[in-house]
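Undergrad: Once you've had a glance at the structure underneath, I'll fire off some questions.
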Amino acid sequence: SELKDRYLTEYILMGGDWNMTPDEWTDRWPSRTGRPQRNNLIIEFLINNNLTDIWRVRNPEIKSFSWFKPNGTCKSRIDYWLGSGNILNHTVNAVMSNAPLSDHCFIELCLKSEIRQSNKRTYWKFNAKLLQNEDYCNIVKKIIKDIMADRLIVGYISKWEFIKFKIREFTIQFSKNISRKQREYECKLFQEITYYCSKDDLDSQEKSKLMELQTKLDQLYLNKAEGAFVRSRAKWIEEGEKFLIFF
């Protein structure tokens with residue numbers, strides 16, 4: 001109530017690990033009750049603040065869990081988004097999926113916006129990590145060798161400019177192929193992890209396989225985080241603090 005008085009808005013969205021299930025029957029396995037039993041504390045909070053459990057409203061018949069015990073003996077839905085009616089009306093989709101580096105899943109909300117964002121054209125930046133790719137380096141060497149041997153291109157300056165153009169052209173396509181393969185690999189990992197997590201009881205071999213898949217997913221996102229760190233530094237150099245002369 002204090003936050004509602006301070007921020008006068010009809011758009012309210014709250015999310016996180018609530019450490020309690022909305023329903024002990026549908027949102028916990030194994031269930032502590034033999035029948036549906038709503039959590040009165042959550043119901044009272046939703047009613048008093050005019051909020052709804054967005055994922056459950058968008059997925060009324062799906063039984064899914066957001067937290068898993070490492071040995072697979074217990075799982076529950078204790079992470080969720082609570083939103084006002086206006087937020088719910090703007091929600092196109094709500095998806096629960098396994099998350100890296102955590103025993104909790106993430107709940108993704110897809111919201112439609114009435115404001116269109118303009119696509120700002122940026123400079124192309126070379127990904128230096130490609131230099132660790134042997135296939136990429138071999139093809140780049142061949143490009144340089146072919147252009148240097150081409151007698152139709154006269155002068156070292158012309159050759160140098162054409163080399164840069166061809167390397168950029170090839171690098172963009174090569175990077176797109178790598179990104180596509182990584183997305184396919186990531187999607188496959190999510191599908192396999194979801195398959196094992198959806199099973200009620202896992203044997204020792206399946207538990208080992210699940211831990212192996214989770215480790216691969218964690219490493220994939222660590223690599224993504226490293227790339228995001230490099231890109232953020234580049235963005236700061238381009239769009240960070242500008243030198244302003246006041247005097």
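Undergrad: Evaluate the following for ASN138: is it farther than 27 Å from TYR221 by Cβ, part of a helix (DSSP H, G or I) and either among the small types (Gly, Ala, Ser) or not assigned by TED's automatic domain parsing to the domain that holds PHE190 (or both)? Reasoning before the result, please.
TA: Details: farther than 27 Å from TYR221 by Cβ: yes; part of a helix (DSSP H, G or I): yes; either among the small types (Gly, Ala, Ser) or not assigned by TED's automatic domain parsing to the domain that holds PHE190 (or both): no.
Taking the combined requirement at face value, the residue does not satisfy it.
Undergrad: Related question: Restricting the search to the range 212-233, which residues are surrounded by 13 or more Cβ atoms within 10 Å (Cβ to Cβ) and touching a residue at least 12 places away in the same chain (Cβ under 8 Å)?
TA: Result: LEU213, GLN214, LYS216, LEU217, ASP218, LEU220, TYR221.
Undergrad: Here's a follow-up. Got a sec? Which of LYS235, LYS159 is assigned to a helix (DSSP H, G or I), modelled with pLDDT of 90 or more and over 28 Å from SER64 (Cβ atoms)?
TA: The unique qualifying residue is LYS159.
Undergrad: So, in the range 65-78, exactly how many residues are part of a strand (DSSP E or B) and either in contact with a helix residue (DSSP H, G or I) (Cβ under 9 Å, 6 or more places away or on another chain) or of a type in the set (Phe, Trp, Tyr) (or both)?
TA: 3
Undergrad: Would you mind telling me which numbered condition in (1) at pLDDT below 90; (2) under 29 Å from the mean Cα position of the chain (by Cα); (3) over 20 Å from SER113 (Cα atoms) ARG32 fails?
TA: Only one criterion in (1) at pLDDT below 90; (2) under 29 Å from the mean Cα position of the chain (by Cα); (3) over 20 Å from SER113 (Cα atoms) is unmet by ARG32, namely (2).
Undergrad: Continuing with the same structure: Within the range 13-59, restricting attention to residues that are out of contact with any Lys or Arg (no Cβ under 8 Å at 6 or more places or on another chain), in contact (Cβ under 8 Å) with a residue 24 or more places away in the chain and part of a loop (DSSP other than H, G, I, E, B), which residue is surrounded by the most Cβ atoms within 10 Å (Cβ to Cβ)?
TA: LEU51
Undergrad: Okay, next question. Which pairs turn up if I take residues in the range 187-210 that are not assigned by TED's automatic domain parsing to the domain that holds CYS74 and look for partners that are of a type in the set (Val, Ile, Thr) and surrounded by 15 or more Cβ atoms within 10 Å (Cβ to Cβ) with beta carbon separation below 7 Å, at least 6 apart in sequence or on another chain?
TA: From residues that are not assigned by TED's automatic domain parsing to the domain that holds CYS74, the pairs are LEU210/ILE193.
Undergrad: Checking the structure you have, find out if any residue of the range 125-133 is surrounded by 10 or more Cβ atoms within 10 Å (Cβ to Cβ) and over 30 Å from ALA225 (Cβ atoms).
TA: The answer is no, given that none of the residues of the range 125-133 is surrounded by 10 or more Cβ atoms within 10 Å (Cβ to Cβ) and over 30 Å from ALA225 (Cβ atoms).
Undergrad: Quick one: which residue in GLY83, GLY72 is buried (at least 17 other Cβ atoms within 10 Å of the Cβ) and on the phi > 0 side of the Ramachandran plot?
TA: Going through GLY83, GLY72 in turn, the sole match is GLY72.
The values are calculated or read from the model by the stated rules, or taken from the named source; none is laboratory data. The shown structure was predicted, so the numbers you read here are calculated from the model rather than taken from an experiment. Don't worry about glycine lacking a Cβ; one is built from the backbone with ideal geometry, like all the others, and counts go over all protein chains shown.
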